[in-house]
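Trainee: Here it is, the structure, as structure tokens.
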Amino acid sequence: MRIGCPKEIKVHEYRVGLVPAGVRELVADGHEVYMQTLAGAGIGIEDDAYVAAGARILPDAAAVFDTAELVIKVKEPQLAECDMLRQGQVLFTYLHLAADPRQAEGLVRSGCTAVAYETVAAPDGSLPLLTPMSEVAGRMSIQVGATALQKAHGGFGVLLGGVPGVQPAKVVILGGGVSGTNAAQMAVGLGAHVTIVDRSLRRLRELDVQFGNSIHTAYSTAETIEKLVAQADLVIGAVLVAGAAAPKLVTRDMVRTMEKGGVLVDISIDQGGCFETSRPTTHAEPTYEVDGVIHYCVTNMPGAVPRTSTFALTNATLPYVREIARHGWRNALTRDPGFAAGLNVHAGQVTHEAVARDLGYDYSPVSLP
């Protein structure tokens with residue numbers, strides 16, 4: 001199979017869909033790999049390293065899309081990239097379509113087969129291709145939140161861990177999944193007062209065992225969230241409904257109850273955000289203020305640490321890439337029902353139920369052999 005990997009073009013996105021080690025494996029399997037020139041330059045991987053691994057270098061994205069049967073990316077295709085996709089071509093990347101109707105329209109119009117990292121499932125129901133970036137985003141959320149709390153960045157000047165004689169900051173984490181748990185690890189490590197909110201009692205019990213007296217847990221209700229947000233210095237939104245838009249757990253009225261200079265970090269922004277006041281931002285302009293509260297809503301948070309993120313992601317995606325290349329997308333998805341859950345768009349139809357519901361498309365499941 002001809003596999004292509006273009007350079008990412010989203011603002012301040014330096015990750016890359018394949019590293020030389022992955023190229024070497026794919027070439028050894030008998031496939032052809034085409035890299036856009038400088039695709040890996042943002043993480044310090046030059047074209048020569050890809051050539052040494054067996055890739056061929058193409059001059060621009062158009063050449064990659066024109067040549068490849070399977071396109072591997074990191075972030076959702078921008079509209080200019082959607083225009084380069086074609087019927088019969090397979091795209092394998094993050095999509096987050098529920099929050100991006102224009103991209104969904106572009107993919108539907110292209111006729112391509114689009115498989116989304118974030119909805120591929122493991123046998124235990126976990127999301128193996130979302131997990132690495134959820135880990136990164138969760139850990140980053142505390143770093144960026146702590147920075148935003150500094151007075152020079154608009155915050156009211158609170159140190160997360162406090163000092164002897166001064167109380168630590170209150171951190172509220174909405175969601176006890178992968179990103180929320182990693183956020184808690186970082187916040188606890190810095191000495192903050194941490195409360196994790198989740199709607200699963202089983203998960204809250206697991207977190208209690210994992211963290212012991214280092215955290216507090218709370219069952220998720222509107223009243224509980226309302227009280228905790230009003231007292232919080234930093235709120236982390238780490239809510240996930242696979243493939244669907246994130247629920248709006250924090251209303252604007254709740255935001256108004258926070259002390260001026262408090263901070264909200266919305267990890268869920270790729271899926272539309274879990275704060276009513278959230279809107280997507282970029283690494284170039286990561287924050288904005290609503291009612292005196294600082295919001296950080298960058299849609300590609302892990303892109304700020306692209307080298308770590310790239311290697312973490314490609315470790316997880318490579319086995320799936322090899323399956324598509326070896327068996328073709330239809331047979332690869334037939335062999336693994338969890339992999340089939342990643343199919344979001346095919347031949348002009350939306351094939352993921354949650355995405356179709358949230359965007360108002362007819363749900364058109366694909367019949368696999």
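Trainee: Any residue in the stretch 237-256 that is over 30 Å from Gln89 (Cβ atoms), hydrophobic (A, V, I, L, M, F, W, C) and within 18 Å of the chain's Cα centre (by Cα)?
Mentor: yes
Trainee: Would the stretch 49-57 turn up any residue that is modelled with pLDDT of 95 or more and closer than 29 Å to Glu105 by Cα?
Mentor: No: zero hits.
Trainee: Moving on to the next point. Using the structure shown, decide if Phe311 is under 25 Å from Val115 (Cβ atoms), touching a residue at least 24 places away in the same chain (Cβ under 8 Å) and among the hydrophobic types (A, V, I, L, M, F, W, C).
Mentor: Judged against the criteria, Phe311 is a match.
Trainee: Which count do you get for residues in the stretch 237-255 that are in a strand (DSSP E or B) and of a type in the set (Val, Ile, Thr)?
Mentor: Residues that pass the stated criteria total 1.
Trainee: Another one. Looking at (1) touching a residue at least 40 places away in the same chain (Cβ under 8 Å); (2) within 25 Å of Asp270 (Cβ to Cβ); (3) touching an Asp or Glu at 6+ places or on another chain (Cβ under 7 Å), find the lone condition where Arg2 falls short.
Mentor: That leaves (2) as the condition not met.
Trainee: Could you list, in sequence order, all residues of the stretch 128-162 that are of a type in the set (S, T, N, Q) and either without any contact (Cβ under 8 Å) to a residue 24 or more places away in the chain or over 17 Å from Cys297 (Cβ atoms) (or both)?
Mentor: Correct list: Thr131, Thr147, Gln150.
Trainee: When the stretch 12-29 is examined, which residues are found to be of a type in the set (D, E, K, R) and part of a helix (DSSP H, G or I)?
Mentor: Once the filter is applied, which keeps residues that are of a type in the set (D, E, K, R) and part of a helix (DSSP H, G or I), the stretch 12-29 yields Arg24, Glu25.
Trainee: Could you check Gln271 against (1) touching a strand residue (DSSP E or B) at 6+ places or on another chain (Cβ under 8 Å); (2) of a type in the set (S, T, N, Q); (3) over 30 Å from His31 (Cα atoms) and say which number it fails?
Mentor: Result: Gln271 passes all but (1).
Trainee: For the stretch 30-51, what are the residues that are outside any helix (DSSP H, G or I) and more than 21 Å from Val136 (Cα to Cα)?
Mentor: Gly30, His31, Glu32, Val33, Tyr34, Met35, Gln36, Thr37, Leu38, Ala39, Glu46
Trainee: Here is a further query. I'd like to verify a number: residues in the stretch 186-197 that are touching a residue at least 24 places away in the same chain (Cβ under 8 Å) and either among the acidic types (Asp, Glu) or over 21 Å from Val250 (Cβ atoms) (or both), how many?
Mentor: Total meeting the criteria: 3.
Trainee: In addition: Among the residues of the stretch 69-104 satisfying the criterion of being surrounded by fewer than 23 Cβ atoms within 10 Å (Cβ to Cβ), more than 16 Å from the chain's Cα centre (by Cα) and in contact (Cβ under 8 Å) with a residue 60 or more places away in the chain, which is nearest to Ala316 (Cα to Cα)?
Mentor: It comes out as Glu69.
Trainee: Out of Ser134, Ser141, Ser110, I need the residue that is touching a Lys or Arg at 6+ places or on another chain (Cβ under 7 Å), surrounded by 21 or more Cβ atoms within 10 Å (Cβ to Cβ) and of a type outside the set (Phe, Trp, Tyr). Which one?
Mentor: Ser110
Trainee: For the stretch 205-220, indicate whether the set of residues that are crowded, with 21+ Cβ neighbours inside 10 Å, among the aliphatic types (A, V, I, L, M) and assigned to a strand (DSSP E or B) is non-empty.
Mentor: No - not one qualifying residue is present in the stretch 205-220.
Trainee: Also: With the checklist (1) surrounded by fewer than 21 Cβ atoms within 10 Å (Cβ to Cβ); (2) among the hydrophobic types (A, V, I, L, M, F, W, C); (3) assigned to a helix (DSSP H, G or I) in hand, flag the one item Val64 doesn't pass.
Mentor: Result: Val64 passes all but (1).
The values are calculated or read from the model by the stated rules, or taken from the named source; none is laboratory data. Nothing here was measured: the structure is a model prediction, and the numbers come from that model. FYI the Cβ positions are ideal-geometry reconstructions off the backbone, even for glycines, and counts take in every protein chain you see.
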